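Trainee: Please find one structure pasted underneath; my questions will follow.
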Amino acid sequence: MVMKKRLAAALSLAITLSAAAGCGSDGDKETAPAASASPLASAAATATAKPAAPVKLEVAQISWGASVPADDFVKKELDKKLNLQLTQLLVADQKDYENQINVRAASNNLPDLFMATSKAHVQKLAESGMLLDLTPYLDKLADYKNFAGADVLKKGIVNGKQYALPKAGQAVTHTYWIRKDWLDALKLQPPTSIDELLNVAKAFTENDPDGNGKKDTFGLTGTALATFEPIYGAHGVSSAGAFFQKDGAEVVNTYYQPGMKDALAAVKKFLDAGVVDPEVISNKGTAARDKAFQGKVGIINSEWAQFMKEDAMKIWKDANPKAEWIQLAAPKGPSGIANANSINIGAASGLFVIPKSLEGQQEKLNKIFEVLNYLSTEEGNLLVQFGLKGTHFTLENGKAAMTEQGKKDTGFTWLYQYTGRQETEYLKTKFPTVTAYIDFEAKLPRIKTLDGFVQNPQGFNAADATRYIEEETFKFIYGKRDLNEYDKFLQTLETTFGYKAYVESAIKQLKDLGYGK
């Protein structure tokens, strides 16, 4: 009797381990019993072994106000498929979320898998000893590694160790949008250069493009310095993000590039001409878009979703039925360079971490790895992108298409995309009527900045340095400080804020990751 019980237990363990090994890209296939097990022994094991209890996992992240429905079909499917009892802590506000994580860290009661809000947050938690170093466990995350890729994994490295698992995928959006009906009214063509953009902005400000007999419109709006990113880009620099590979080779800092002073001078020219929304620096949230939709401004730096998703389109069409918004290619600068908004390829849409307290809990750790691997397979990733196959989406020749029910029911599924998604294809599947706009923005030239890969060296206060850079930039573009003092600005940045040491540290870190020479 004792021998029978031992045999049953051993076979049950073998079957469990075999099933776990079968998860991943072939996770939808049943794993056969071990070849050494006889039919009689297998039958005995089946009869006596009890199903393992579901593993409880708590996942925490910022939800930005989203929530799961009462009929959470994604949770049900994951619980059933992976023998889970999954719960999520969803916090709408980032500051509130960070506070909750800090409180739980202080009591050593962190969630089993949770989102860090930034690379700096990962660094702080790691250096305080709260996070599990995942470097030794990467071999157990084969499907996730294949799905994310080596460049994505680099985003989660702190002090040479893999402390975070970044989400794959990155949205490539934003360009200038312009009122084509205003262009037509003034017999103008879409601008293709910075000089032409300025001339059109002047015409929109001074020549009554809406025909109401009043001088009540402006040429250009946006949110703070992001408004002018294509102007910076036309001079080969970026206003958002400091480090990039110049000509695909040497890593440089944007503030030390010759084109920066030229870019600031170009932005100043727009402001001096009076063609920019006077509130551009203070615009927050949807303020700039609201002005564009209300017919107050004719050019805005924005993204396709803010204009061409059904709810957005209804707003501007209801306000201005004759309005016609079109995308502009990135305008060229004096030397023919053109770049839309920069894209920080070192930044991740999410950085998931595991607390060090789970180090000795192998069953729970293995279950977390199983979840992450499953969500990285085609089957699992389709589930958390588009819902249930046959109900919310169909699959033909490997391509998903949303059903009418899927369009209504799957607005929350991104809350389970712990390993990310292939962004452009996802958006084109979710919003097939606006594919042309998505593709247009995705294919524009952009400076690829690397700041997301960089961790701050000891003693460097990034917040103070950033605040000083912004304050002095505003002074330069509004004529409160002469551009001839730009070198003095750099000198203060280096001496008072320790920026030179930061630059040297960042370039070394980036070289270690394979960027630059």
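The values are calculated or read from the model by the stated rules, or taken from the named source; none is laboratory data. Predicted model only: the values in this text are computed from it and were never measured. Cβ: placed from backbone, ideal geometry, glycine included. Neighbour counts: every protein chain shown. For the accessible areas, the whole protein counts, side chains as well, though only heavy atoms, and no ligand, DNA or RNA atoms are used. Shrake-Rupley method; radii C 1.70, N 1.55, O 1.52, S 1.80 Å.
Trainee: Around R421, which amide H atoms from residues at least 5 apart in sequence, or from another chain, sit under 5 Å from its own amide H, with H modelled in the peptide plane?
Mentor: Excluding prolines and chain starts, which carry no amide H, the hits are A168, G169.
Trainee: Would you mind checking K296/K428; K389/K443; K269/K332 for any pair whose Cα atoms are more than 21 angstrom apart? Present the calculation step by step, with values, prior to reporting the outcome.
Mentor: Details: K296/K428 31 Å; K389/K443 30 Å; K269/K332 16 Å.
Going by Cα-Cα distance, K296/K428; K389/K443 fall outside the 21 Å limit.
Trainee: Something else: With a bin width of 5 angstrom, please list the P(r) values of segment 276-327 as percents of all Cα-Cα pairs, from the 0 bin to the one holding the largest distance.
Mentor: 4, 20, 35, 25, 12, 4
Trainee: Now for a different question. Apply the Karplus parameterisation 6.51 cos²θ - 1.76 cosθ + 1.60, with θ equal to phi minus 60°, to every residue of segment 97-108 and state each ³J(HN,Hα) to the nearest whole Hz, in sequence, with x for glycine and proline.
Mentor: 4, 4, 4, 5, 5, 4, 4, 6, 5, 5, 9, 6
Trainee: What Kirkwood radius, in Å to one decimal, follows from the Cα pairs of segment 66-125? Could you put the intermediate results ahead of the total?
Mentor: Numbers: mean 1/r = 0.0744 Å⁻¹.
13.4 Å is the Kirkwood radius here.
Trainee: Grab the beta carbon distance between K76 and E425, set R0 = 22 Å, and tell me the FRET efficiency rounded to 0.05.
Mentor: Details: r = 26 Å, r/R0 = 1.18.
The calculated FRET efficiency here is 0.25.
Trainee: Now, a different point. For labels at K296 and K246 in the simple 7 Å Cα→Cβ model, what's the distance in nm?
Mentor: So the label points at K296 and K246 sit 4.1 nm apart.
Trainee: Read phi for every residue in segment 186-200 and hand back ³J(HN,Hα) as whole Hz from Karplus 6.51 cos²θ - 1.76 cosθ + 1.60, θ = phi - 60°, with x for Gly and Pro.
Mentor: For segment 186-200, the Karplus-derived couplings read 9, 6, 10, 9, x, x, 10, 9, 4, 5, 5, 4, 5, 5, 5 Hz, x marking Gly and Pro.
Trainee: Right, something else. Would you pull out the residues with amide H under 5 Å of F218's amide H, same chain only if 5 or more places away, H placed 1.01 Å from N?
Mentor: V297, G298
Trainee: Here is a follow-up. Using θ = phi - 60° and the Karplus curve 6.51 cos²θ - 1.76 cosθ + 1.60, what whole-Hz ³J(HN,Hα) does each residue of segment 153-158 get, with Gly and Pro shown as x?
Mentor: Coupling constants for segment 153-158: 4, 4, 5, x, 8, 10 Hz.
Trainee: Which value in nm describes the separation of the simple spin-label points at A319 and D139, placed 7 Å from the Cα toward the beta carbon?
Mentor: 5.8
Trainee: Once the chain is represented by equal point scatterers at the alpha-carbon sites, with solvent omitted, what log10 I(q)/I(0) does the Debye formula produce at q = 0.11, 0.12 Å⁻¹?
Mentor: Log10 I(q)/I(0), no solvent term: -1.07, -1.22.
Trainee: Right, next: Looking only at segment 203-231, which residues have a backbone nitrogen under 20 Å from a spot 7 Å from the Cα of Q189 in the C-beta direction?
Mentor: Under 20 Å, as judged by backbone N against the label point of Q189, lie 203-204 of segment 203-231.
Trainee: Multiply the residue gap between T433 and E196 by 0.36 nm, knock off their C-alpha separation, and tell me the result in nm, one decimal place. Before the final figure, lay out the partial values.
Mentor: On the way: separation 237, 0.36 × 237 = 85.32 nm, distance 3.11 nm.
Between T433 and E196, full extension yields an extra 82.2 nm.
Trainee: Taking R0 as 45 Å, what FRET efficiency do you get between A171 and A53 from their Cβ-Cβ distance, rounded to the nearest 0.05? Show your work: numbers first, answer last.
Mentor: Values: r = 40 Å, r/R0 = 0.88.
That gives a FRET efficiency of 0.70.
Trainee: Given axes a ≥ b ≥ c from the Cα gyration tensor, I'd like to know whether segment 318-382 is rounded (a/c under 1.5), prolate (a/b larger than b/c) or oblate.
Mentor: Values: a/c = 3.68, a/b = 2.27, b/c = 1.62.
It is prolate, given that a/c is not under 1.5 and a/b is the larger ratio.
Trainee: Can you pull the percent of the chain's accessible area that's carbon plus sulfur, 1.4 Å probe, other chains left in place? Write down the numbers at each step before the final one.
Mentor: Values: 13170 of 25070 Å².
Whole-percent figure for carbon plus sulfur exposure: 53.
Trainee: Once label points are set 7 Å from the Cα along Cα→Cβ at both N99 and N83, what is their separation, rounded to one decimal in nm?
Mentor: 4.1
Trainee: Show the residues, 5+ positions off or on another chain, whose built amide H is closer than 5 Å to the amide H of L132.
Mentor: For L132, whose amide H was placed from the backbone, the distant partners under 5 Å are I354, K356.
Trainee: I've got another one for you. Compute the Rg to Rh ratio over segment 96-241 from the alpha carbon atoms, using the Kirkwood formula for Rh, and round to two decimal places.
Mentor: Values: Rg = 24.2 Å, Rh = 19.9 Å.
Radius of gyration over Kirkwood radius for segment 96-241 works out to 1.21.
Trainee: Moving on to the next point. Just subtract the alpha-carbon distance of S357 and F474 from 0.36 nm times their residue separation and send over the number in nm, one decimal. Let's see the in-between values first.
Mentor: Details: separation 117, 0.36 × 117 = 42.12 nm, distance 4.63 nm.
Residue separation times 0.36 nm, minus the Cα-Cα distance, leaves 37.5 nm.
Trainee: Nearest-5 percent of antiparallel DSSP beta bridges in the chain? Could you put the intermediate results ahead of the total?
Mentor: Numbers: 23 of 42 bridges.
Around 55 percent of the beta bridges assigned by DSSP in the chain are antiparallel ones.
Trainee: How big is Rg to Rh over segment 218-307, alpha-carbon atoms, Rh as the Kirkwood inverse-mean-distance radius?
Mentor: Values: Rg = 14.4 Å, Rh = 14.0 Å.
Rounded to two decimals, Rg/Rh equals 1.03.
Trainee: Could you compute how much accessible surface M130 exposes when probed at 1.4 Å, giving the result in Å² to the nearest 10?
Mentor: Using a 1.4 Å probe on the heavy atoms, I get roughly 40 Å².
Trainee: Quote the FRET efficiency, to the nearest 0.05, computed for E379 versus K284 with a Förster distance R0 of 41 Å and r equal to the Cβ-Cβ distance.
Mentor: Details: r = 41 Å, r/R0 = 1.01.
For R0 = 41 Å, the calculated efficiency reads 0.50.
Trainee: Show T413, T433, T173 ordered by accessible area, largest first, where the area counts protein heavy atoms only and the probe is 1.4 Å. Walk me through the numbers on the way to the answer.
Mentor: Details: T413 0, T433 120, T173 25 Å².
So, going from the largest accessible area down, we get T433, T173, T413.
Trainee: So how do 233-242, 198-207 stack up, highest first, on mean other-Cβ count within 10 Å?
Mentor: Most protected by this proxy first, the peptides run 233-242, 198-207.
Trainee: A further question follows. With +1 assigned to the C-beta of every Lys and Arg and -1 to the C-beta of every Asp and Glu, and no other charges, what is the dipole magnitude of segment 267-383 about the Cα centre in debye, to the nearest 20? If you can, show how the numbers build up before the last one.
Mentor: On the way: 14 positive and 14 negative charges, 108 e Å.
Rounded to the nearest 20 debye, it is 520 debye.
Trainee: At 1.4 Å probe size, put H392, H174 in order of accessible surface, largest to smallest.
Mentor: Values: H392 5, H174 55 Å².
From most accessible down to least: H174, H392.
Trainee: Let me ask something additional. Diagonalise the Cα gyration tensor of segment 400-509 and give the resulting equivalent ellipsoid semi-axes, square root of 5 times each eigenvalue, largest first, whole Å. Before the final figure, lay out each step's value.
Mentor: On the way: eigenvalues 366, 76, 35 Å².
That gives 43, 19, 13 Å for the three semi-axes.
Trainee: Next up: Let me know the number of lysine pairs in segment 103-226 closer than 14 Å at the Cα, not counting same-chain pairs under 8 apart.
Mentor: 12
Trainee: What does the extension gain come out to for A92 and W64, with contour length at 0.36 nm per residue minus their alpha carbon separation?
Mentor: Working: separation 28, 0.36 × 28 = 10.08 nm, distance 0.43 nm.
Between A92 and W64, full extension yields an extra 9.7 nm.
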